[in-house]
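Visitor: Next up is a structure, given as structure tokens.
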Amino acid sequence: MELVNIFIRSIFIENMIFAYFLGMCSYLAVSKKVNTAVGLGMAVIFVLGVTIPINYLLENYLLKAGALSWLGPDLADVNLGFLSFIMFIAVIAAVVQLVEMAVEKFSPTLYSALGIFLPLIAVNCSILGGALFMQEKDFPNIGQATVYGLGSGVGWFIAIVAIAAIREKIRYSNVPGPLRGLGMAFIITGLMGIAFLSFSGIKL
Amino acid sequence: MVNKESNSYTLIFSAVLVVLVGVLLTVVFEITNTPYEKSVEMEKRQNILSAALGKALSREEADGLFTKYIKDSKVYNAQGVEVQGQDAFNLDLAKELKKSESEQLYPLFVFQDGEVTRYILGMRGTGLWGPVWGYIAIESDLNSVFYANFDHKGETPGLGAEIKQPIFQDQFGLDKGKRIYNGSEFKGIVVEKKGRTSESSPEFAHVVNGISGGTITSDGVSYMLQKYLKAFDAFATKSGLKGSNVQAQLHLNASTQNP
Amino acid sequence: MSTETIAAVKERKPLFTAKDRKLITDPLDDDNPITVQVLGICSALAVTVQVKPALFMSMGVLFVLIMGNLVVSLIRNLIPSRVRIIVQLVIVAALVTVVDQVLKAYAYDVSKELSVFVGLIITNCIVMGRLEAFALANKPGPAILDGIGNGLGYSFILLLVAVVRELFGSGTILGFPIIGEWALNLGYKHNGLFVLPPMALVIVGVIIWVQRSRNQKLIEAN
């Protein structure tokens, strides 16, 4: 039940885009067509689903205050928390690289669909943001952390596919010149965010 | 010129970079960690004291006055039994919240200024986005609420975040006459929607108005207050504090020693 | 006589050439990192509910941007191109960790408010974008100027959004009440919508609108 709750919360209430504005750069840059948006969205779900559990293990068995106590009682006082930014970003960069190589080797079709987006993801704020929120939420077990990662990814996916669909249609509308493109994308995202606010407080 | 793209160069470069960065960060951490830990501690003192004194204090003031006023502290479990060997000030409530409810520990601080004694409970719960916490000070009659303060990690500004504003906290002031008991029956303090309980009804002594638009946060605070006050009720009964109600302030140390 | 020599000196070796000046002024308007280059929105908008955190966030980004540009520019000839992105990320992550630690130690309240968003400076696309696009190919001098320019352009938009949101959302600027009691007594109400996250996006949208009506060449083809 707790897992379902975390999943729903991370998709709708704590949506990466609408509540925290994370991953906005690629969200705005790659949302002109639904096809590409779907590709990038899938890649984000995948990378979040993989990196969050890895970072969870790092956080709990290496970085957190007292996390090293499994190596011996002498190390119980060690707090490597200040290294967490570097460790997280290194894991993310490495995983993205590995995923890219693996996908290229084993599934050329998927690679040609996702290929160009994968390198972009290392600097997608939602990935590092997910890791940092995971650290802050302090999940009791790796299952919840993984579900949180997947949920955040799905939330991001929904957001980018929705805006891409709207942007495809809005081309037929008579938007004032200076507002065309970027300006309109911002305002639509704002309106979508207000709509998503109505989810807040849902508990299963 | 060395070949920049050779494997060995890349490896050496990476190794040197990692070592340099590691050394730099360790040095920075060593320099900044002490002031940081001190701020965290001072903030805790500030929150405890401002609940006990019912007024806002600067962090520095609170630091100086803390040992003068906070004379004693206890840790007890949900059944109200005092637990020895625990330091109330350093009790990590975030960790306690993860245990099953019957195993959680609760901190209590005793404020003493001459004849005046107040009990301050440390509390922690969950709001809409993340943790909320606070301190509530109770008069030596173990019934009247003297003051309370709250803080939060990231509630919605302007809505849930209002719990740390005077407009919410002042409802816990002594002049508002909030009480934990109705006669001998435990009631606690409930946060509910404004107007649900009429302000003139006697029940209003156990009710504070929630924040409109911040329902989830208000509910979280309400749950937290009930839980910690209930544990305090159990402790007061078991430790004999309550039996010796009026004399309690004079015989505090003697009375808390009976299990 | 003396003025002449000064002028002559200036002509021979001006402190800032026109090109240098452009490095600073361009990002403020024509090439603004947020409204034109569309970089760095991620970590920015969540800290604009009030001016104070926005100010500290700006300073953090400015610091990281300048130092990152400087460091990467200094070692640009040493970085193997295969591991270039990771090297940049490590340098930025190290600088951000320094900012985070310093804030925690000496501006504790602010660090509480910014919480995880300090860490997100690492993936702030402005930082990576400028490192990749400018610092890797330029000398340290211009790289620093580029950092200052882009940092200021970013701060400008951030503070603008924060001022609007704090003023209309809670009637204060930097915590000082601007809209006084009298206005509230006359029936004025703070607009709670401004403190909610989505309004930040709408405000940026409006800023883009204003900027592009002034500066027609930025208008996108549909």
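The values are calculated or read from the model by the stated rules, or taken from the named source; none is laboratory data. This is a predicted model, so every value here is computed, not measured. Here the Cβ positions follow ideal geometry from the backbone for every residue, glycine too, while neighbour counts run over all protein chains shown. Accessible surface is based on the protein model in full, side chains and every heavy atom, while ligands, DNA and RNA are left aside. Shrake-Rupley method; radii C 1.70, N 1.55, O 1.52, S 1.80 Å.
Visitor: Can you report the number of residues in region B:114-168 which are closer than 18 Å to residue B:45 by Cβ and either away from chain C (no Cβ under 14 Å) or open to solvent by less than 20 Å² (accessible area, probe 1.4 Å) (or both)?
Guide: Count: 17.
Visitor: Being outside any helix (DSSP H, G or I) and in contact with a helix residue (DSSP H, G or I) (Cβ under 6 Å, 6 or more places away or on another chain) is the filter here, so list the residues in region C:37-71 that pass it.
Guide: Residues satisfying the conditions are C:38, C:39, C:40, C:41, C:42, C:43, C:44, C:48, C:49, C:50.
Visitor: Evaluate the following for residue B:15: is it among the aliphatic types (A, V, I, L, M) and closer than 30 Å to residue C:85 by Cα?
Guide: yes
Visitor: Could you check residue A:148 against (1) more than 22 Å from residue C:129 (Cα to Cα); (2) facing another protein chain (nearest Cβ under 8 Å); (3) in contact with a helix residue (DSSP H, G or I) (Cβ under 7 Å, 6 or more places away or on another chain) and say which number it fails?
Guide: It fails just one condition, (2).
Visitor: Among the residues of region B:53-72, what is the count of those that are out of contact with any strand residue (DSSP E or B) (no Cβ under 7 Å at 6 or more places or on another chain) and part of a helix (DSSP H, G or I)?
Guide: 11
Visitor: Then there's this: Just for region C:72-82: of the residues that are surrounded by 18 or more Cβ atoms within 10 Å (Cβ to Cβ) and part of a helix (DSSP H, G or I), which one is farthest from the other protein chains (Cβ to nearest Cβ)?
Guide: The extreme case among them is C:73.
Visitor: Give me a count of the residues in region C:51-96 that are within 16 Å of residue C:155 (Cβ to Cβ) and hydroxyl-bearing (Ser, Thr, Tyr).
Guide: Counting residues in region C:51-96 that are within 16 Å of residue C:155 (Cβ to Cβ) and hydroxyl-bearing (Ser, Thr, Tyr) gives 1.
Visitor: Just to check your reading of the model, which residue among B:8, B:50, B:14 is more than 10 Å from every other protein chain (Cβ to nearest Cβ), over 41 Å from the mean Cα position of the chain (by Cα) and in a helix (DSSP H, G or I)?
Guide: None of the others qualify; the one that does is B:8.
Visitor: Sticking with this structure for a sec: Going by the conditions given, is residue A:35 open to solvent by 10 Å² or more (accessible area, probe 1.4 Å) and part of a helix (DSSP H, G or I)?
Guide: Considered against the rule, which asks whether it is open to solvent by 10 Å² or more (accessible area, probe 1.4 Å) and part of a helix (DSSP H, G or I), residue A:35 comes out as yes.
Visitor: Please pick out the residue among B:21, B:16, B:27 that is surrounded by 18 or more Cβ atoms within 10 Å (Cβ to Cβ), within 30 Å of residue C:77 (Cα to Cα) and modelled with pLDDT of 85 or more.
Guide: B:21
Visitor: Another question about this same structure. Given (1) modelled with pLDDT under 85; (2) closer than 22 Å to residue C:93 by Cβ; (3) surrounded by fewer than 24 Cβ atoms within 10 Å (Cβ to Cβ), where does residue C:47 come up short, assuming only one miss?
Guide: (3)
Visitor: Pairs only if they're at least six apart or on different chains, beta carbon under 6 angstrom, first in region B:179-191 and farther than 23 Å from residue B:127 by Cβ, second part of a strand (DSSP E or B) and open to solvent by less than 70 Å² (accessible area, probe 1.4 Å); list them, first residue then second.
Guide: Close Cβ pairs (under 6 Å, with a partner that is part of a strand (DSSP E or B) and open to solvent by less than 70 Å² (accessible area, probe 1.4 Å)) amount to B:179/B:144.
Visitor: Checking the condition over 15 Å from the mean Cα position of the chain (by Cα), more than 11 Å from chain C (Cβ to nearest Cβ) and not hydroxyl-bearing (Ser, Thr, Tyr), which residue from B:61, B:37 passes?
Guide: B:61
Visitor: Which of the residues spanning region C:121-157 are buried (at least 24 other Cβ atoms within 10 Å of the Cβ) and within 14 Å of chain B (Cβ to nearest Cβ)?
Guide: Residue satisfying the conditions is C:122 alone.
Visitor: Next question. Quickly run through region B:152-175 and pick out the residues that are more than 21 Å from the chain's Cα centre (by Cα) and of a type outside the set (Gly, Ala, Ser).
Guide: Scanning region B:152-175 gives a single hit, B:175.
Visitor: Could you say which residue among B:163, B:167 is outside any strand (DSSP E or B) and in contact with a Phe, Trp or Tyr (Cβ under 8 Å, 6 or more places away or on another chain)?
Guide: B:163
Visitor: Here are C:210, C:204, C:164: which of them is open to solvent by less than 20 Å² (accessible area, probe 1.4 Å) and within 26 Å of residue A:184 (Cβ to Cβ)?
Guide: C:204
Visitor: Examine region B:139-147 for a residue that is β-branched (Val, Ile, Thr) and within 24 Å of residue B:185 (Cα to Cα), and state whether such a residue exists.
Guide: Yes - at least one qualifying residue is present in region B:139-147.
Visitor: Failed condition for residue C:65, given (1) over 30 Å from residue C:189 (Cα atoms); (2) surrounded by fewer than 24 Cβ atoms within 10 Å (Cβ to Cβ), with all others met?
Guide: Single failed check for residue C:65: (2).
Visitor: Oh, and also: Return a yes/no flag: does region B:131-145 have any residue that is at pLDDT below 85, among the hydroxyl-bearing types (Ser, Thr, Tyr) and assigned to a loop (DSSP other than H, G, I, E, B).
Guide: no
One line per residue, one yes/no per condition, for (1) of a type in the set (S, T, N, Q); (2) within 27 Å of residue C:219 (Cα to Cα); (3) surrounded by fewer than 16 Cβ atoms within 10 Å (Cβ to Cβ):
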site	(1), (2), (3)
A:90	no, no, no
A:95	no, no, no
A:104	no, no, yes
A:131	no, no, no
A:147	no, no, no
A:150	no, no, no
A:155	no, no, no
A:172	no, yes, yes
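Visitor: What are the residues in region C:187-215 that are more than 8 Å from every other protein chain (Cβ to nearest Cβ), assigned to a helix (DSSP H, G or I) and farther than 24 Å from residue A:193 by Cα, if any?
Guide: C:214
Visitor: Do we find a residue being more than 14 Å from chain C (Cβ to nearest Cβ), modelled with pLDDT under 90 and part of a loop (DSSP other than H, G, I, E, B) anywhere in region A:125-139?
Guide: Yes, there is a match, as at least one residue in region A:125-139 is more than 14 Å from chain C (Cβ to nearest Cβ), modelled with pLDDT under 90 and part of a loop (DSSP other than H, G, I, E, B).
Visitor: Could you go through region A:72-88 and let me know if any residue there is within 13 Å of the chain's Cα centre (by Cα), open to solvent by less than 60 Å² (accessible area, probe 1.4 Å) and within 13 Å of chain C (Cβ to nearest Cβ).
Guide: no
Visitor: If you don't mind, there's one more thing I want to ask. Could you tell me which numbered condition residue C:106 fails, if it satisfies all but one of (1) surrounded by fewer than 18 Cβ atoms within 10 Å (Cβ to Cβ); (2) more than 7 Å from every other protein chain (Cβ to nearest Cβ)?
Guide: Condition not satisfied by residue C:106: (2).
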